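**Q** Sharing a structure below in structure tokens format, with a few things to ask.
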Amino acid sequence: MIYSITGIIKEKSDGIIIIENNGIAYILNVSNQTLSASAPLGDEATFYTFLNVKEDDLELFGFENKKELEFFKLLITVKGVGARSALTVLSGITIHNLTTAIISGDYKMLMSAKGIGKKTAHQIILDLKDKVAKQFEEELENISDISDMEINDYSNIKEAMEALSSL
């Protein structure tokens, strides 16, 4: 397994970053958030990686930070969510909003990611609700800082926070 890669960014395109390390150029599949947050062409950057092994293919996925990588790993444990689908979810929804949606059961927000239907959105919530609560405690603490307007959008957050607090 390749944990991370540091090198010079050679190219950027939709969902792809090519990074050169010691004369070898690697193609990294990345989310929109990682793509926009990455260093400019020609600069050195570090990406945390996940090597997806298939029967006939090896794909390297790159992430700006460990939190995004860990969330990717959680998403691919869900039945019906592959590596590409997980990357699509992370491209369309920030980790903060994704955490909030899973904990509050907001399947509509999950469905806003391209290719995620109602059934898959419900499966993500069902499979990850407890895991997200445990793994992203720091993110949950920040939920209390959400403005009143956002609380109205996610009416179940208070109830979820109280349930988690009682645990």
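**Q** Write down the accessible area per residue of region 4-148 in Å², having rolled a 1.4 Å probe over the full set of protein chains.
**A** Accessible area per residue, region 4-148: 52 Å².
**Q** I would also like to ask the following. Pull out a ≥ b ≥ c, the square roots of the eigenvalues of the alpha-carbon gyration tensor of region 1-141, then state rounded if a/c is under 1.5, prolate if not and a/b is larger than b/c, and oblate in the remaining case. Kindly include the intermediate steps, with their values, before the conclusion.
**A** Numbers: a/c = 2.06, a/b = 1.78, b/c = 1.16.
Prolate, because a/c is 1.5 or more and a/b exceeds b/c.
**Q** With a cap of 15 neighbouring Cβ atoms within 10 Å, and only residues DSSP puts in a loop, list the GluC sites (Glu not before Pro) found in region 30-94.
**A** Those that pass, being in a loop and sparsely packed, are E55.
**Q** At 1.4 Å probe size, with the rest of the protein present, what percent of the exposed accessible area of region 1-137 is carbon and sulfur atoms? Numbers along the way, then the final one.
**A** Working: 3560 of 7070 Å².
On region 1-137, the fraction of accessible area on carbon and sulfur atoms equals 50 percent.
**Q** What trypsin sites (Lys or Arg not before Pro) does region 53-103 have in DSSP loop regions with at most 14 other beta carbons within 10 Å?
**A** On the way: sites: K54, K66, K67, K73, K79, R84; in loops: K54, K79.
Answer by residue number: K54, K79.
**Q** If you wrap a convex hull around the Cα atoms of region 1-74, how much volume per residue is inside, in Å³?
**A** Enclosed volume per residue, from the Cα hull, is 92 Å³.
**Q** Let me make sure I get this right: for region 48-89, a, b and c are the square roots of the gyration tensor eigenvalues over alpha carbons, sorted descending. Under 1.5 in a/c it's rounded, otherwise prolate if a/b > b/c, else oblate. Which is it?
**A** Oblate shape, in that a/c is at least 1.5 and b/c is the bigger or equal ratio.
The values are calculated or read from the model by the stated rules, or taken from the named source; none is laboratory data. These figures come from a predicted structure and were not determined experimentally. Ideal geometry is used to build each Cβ from the backbone, glycine not excepted, and the neighbour counts take in all protein chains shown. Note: accessible area is taken over every heavy atom of the protein model, side chains too, but ligands, DNA and RNA are not part of it. Shrake-Rupley method; radii C 1.70, N 1.55, O 1.52, S 1.80 Å.
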